[in-house]
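In what follows, a single structure is set out as structure tokens and then discussed.
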Amino acid sequence: MWTRDRQTCRGCGTRAAEWDPAQGGRSDAYRPKSTQCVGCAHVAVLSKGLPEGAGHHIVLVPNDGGEL
């Protein structure tokens, strides 16, 4: 594994040096932005009616006009 990979936060994908002016970064290096994945939203809605832990999964399949 590369050193850069180990320095990258698994949660947000940034590195501490990017935020630290002493290391060439900036305290305002990034700004948060909210996004929504339409596929994940569909999965979340359909998953609400399923019993937990019963082996049910919602998957996304290509919509080719045929039946699911």
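Observations on the structure shown:
- When the stretch 34-60 is filtered for residues that are more than 27 Å from C12 (Cβ to Cβ) and loosely packed, with under 10 Cβ neighbours inside 10 Å, the ones remaining, listed by number, are K48, G49, P51, E52, G53, A54, G55, H57, V59.
- For the stretch 1-50, a residue qualifies if it is in contact (Cβ under 8 Å) with a residue 12 or more places away in the chain, of a type in the set (G, A, S) and over 30 Å from V61 (Cβ atoms), and exactly one does: A29.
- All helices (runs of 4 or more DSSP H) inside the chain with 3 or more residues being at pLDDT 90 or above: 16-19, 38-47
The values are calculated or read from the model by the stated rules, or taken from the named source; none is laboratory data. Worth saying up front: this structure is predicted, and the values here are computed from it rather than measured. Positions of Cβ are generated from backbone atoms using ideal geometry, with glycine treated the same way; all protein chains shown enter the neighbour counts.
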